[in-house]
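Down below is the structure, laid out as structure tokens.
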Amino acid sequence: MTKPAIAIHGGAGTILRSSMTPQREQQYTDALRQALHTGYGILSHGGTALDAVEAAIKSLEDCPLFNAGKGSVYNNAGQHEMDAGIMSGKDISAGAVSLIRNVKNPIALARALMDRRGHVFLCGEGAEVFAREVGLAVEPDSYFDTPFRYEQWQEAKKTDSSFLDHNVTVSDKKFGTVGAVAIDSHGDLAAGTSTGGMTNKKYGRIGDSPIIGAGTYANNKTCAISCTGHGELFIRSVVAYDVSCLIEYKGMTLAEACHEVVMKKLVAINGEGGLIAIDHLGNIQMPFNSEGMYRAMKNPDAELIAIYK
């Protein structure tokens, strides 16, 4: 029997202690702890890594603090377009959705698609039709409206720019994505990622989060990965799969592979962000090359919740 373990993230970027009030920091910590314990609770009772990953991400999607689900940012048209992807390391099955609206939990839609064992990736209206066919919860536009995200959108419109999730100014960047990776008692891995994308985005822009191999990847032979960062650069670098390849083909440890990709390859192309990773032995890594990353991990021997470097 394998010792179960889980790691989650709520985005990376310019997250500074100096710009965080104690109350706000406590809110983020509490939200991370709730998602972490939700996922680990499933694992500790013999549940699957897939169920744990989905449940942890749904908890983060239901929290308005994170740019996913309820807390998703506004696009240029004042709408919320969401993306999500999930993957099983047991048989490398996967499901991904993008540019969806009104679905309460995008990660649940990705999971439903994966479980159908047909198409891997759906987008837009077709994905929303599928969501209704399988009976997933949908919400009105107002459910996803939050004052904080609205203020971000108004700021972005002043210069007609698409901003990565941020707190106050354009330079104060925060890559708003949520994700989870886990290993269950059977030794099976899973990974999932969900996001609301970029503030004021146009043209149906899609980031790395739902793209299998870029923002999300899982394979029992190597590891499970969920990324958060500048999506375009993570797509071009095929970040999640690259970590797995370094383990499979070059014999690197999880720590070595993550360091190579996050601290060297991404840095070389100014790719800011990070990832959470767990390997087939239950080792966990949570590297990032930005100022901070909302992150947490738990196994039978340890628990960690952190924000800053």
Could you tell me which residue of the range 178-209 is surrounded by the fewest Cβ atoms within 10 Å (Cβ to Cβ), considering only residues that are farther than 20 Å from residue 62 by Cβ and touching a Lys or Arg at 6+ places or on another chain (Cβ under 7 Å)?
188
Any chance residue 31 is touching a residue at least 24 places away in the same chain (Cβ under 8 Å) and over 24 Å from residue 104 (Cβ atoms):
no
So, first residue free of Cβ contacts under 8 Å to residues at least 12 places away in the same chain and more than 20 Å from residue 13 (Cα to Cα) in the range 64-89, second residue charged (D, E, K, R) and part of a loop (DSSP other than H, G, I, E, B), Cβ within less than 9 Å, six or more apart or across chains; the pairs are 77/202
Just checking, which of 126, 85, 95, 78 is surrounded by fewer than 24 Cβ atoms within 10 Å (Cβ to Cβ) and outside any helix (DSSP H, G or I)?
78
Any residue in the range 210-226 that is farther than 24 Å from residue 56 by Cβ and surrounded by fewer than 23 Cβ atoms within 10 Å (Cβ to Cβ)?
no
Take residue 1 and decide whether it is more than 17 Å from the chain's Cα centre (by Cα), loosely packed, with under 15 Cβ neighbours inside 10 Å and in contact (Cβ under 8 Å) with a residue 40 or more places away in the chain.
yes
Just one listed residue, out of 103, 138, 97, 129, is closer than 17 Å to residue 58 by Cα, over 20 Å from the mean Cα position of the chain (by Cα) and at pLDDT 95 or above, and it is 138
Of the residues 296, 257, which is of a type in the set (A, V, I, L, M) and either part of a loop (DSSP other than H, G, I, E, B) or more than 20 Å from residue 65 (Cα to Cα) (or both)?
257
Given (1) more than 19 Å from residue 228 (Cβ to Cβ); (2) buried (at least 22 other Cβ atoms within 10 Å of the Cβ); (3) in contact with a Ser or Thr (Cβ under 9 Å, 6 or more places away or on another chain), where does residue 60 come up short, assuming only one miss?
(1)
Cross-chain or 6+ apart pairs with Cβ under 8 Å, the range 205-231 first and under 11 Å from residue 83 (Cβ atoms), then aromatic (Phe, Trp, Tyr) and surrounded by fewer than 24 Cβ atoms within 10 Å (Cβ to Cβ):
210/121
Within the range 104-120, is even one residue in a strand (DSSP E or B) and touching a strand residue (DSSP E or B) at 6+ places or on another chain (Cβ under 7 Å)?
no
Which pairs turn up if I take residues in the range 128-155 that are closer than 14 Å to residue 196 by Cβ and look for partners that are aliphatic (A, V, I, L, M) and surrounded by 15 or more Cβ atoms within 10 Å (Cβ to Cβ) with beta carbon separation below 9 Å, at least 6 apart in sequence or on another chain?
139/103; 144/82; 148/65; 149/73; 152/73; 153/73
Can you find a residue that is of a type outside the set (A, V, I, L, M, F, W, C), at pLDDT below 85 and crowded, with 19+ Cβ neighbours inside 10 Å anywhere in the range 143-162?
yes
Answer from 263, 252 - the residue that is farther than 17 Å from residue 211 by Cα and touching a Leu at 6+ places or on another chain (Cβ under 9 Å)
252
Checking the structure you have, find out if any residue of the range 250-266 is among the hydrophobic types (A, V, I, L, M, F, W, C) and more than 27 Å from residue 3 (Cα to Cα).
yes
For the subset of the range 20-63 comprising residues that are modelled with pLDDT under 95 and in a loop (DSSP other than H, G, I, E, B), which member is nearest to residue 6 (Cα to Cα)?
20
Determine which member of the set 266, 275, 281, 304 is under 14 Å from the mean Cα position of the chain (by Cα) and either part of a helix (DSSP H, G or I) or modelled with pLDDT of 95 or more (or both).
275
Per the list (1) part of a strand (DSSP E or B); (2) modelled with pLDDT under 95; (3) among the hydrophobic types (A, V, I, L, M, F, W, C), residue check on residue 1 breaks on (1)
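The values are calculated or read from the model by the stated rules, or taken from the named source; none is laboratory data. Bear in mind that the values here come from a model prediction, so they are computed numbers and not experimental data. Neighbour counts are summed over all protein chains in view; Cβ atoms, including those assigned to glycine, are modelled from backbone coordinates with ideal geometry.
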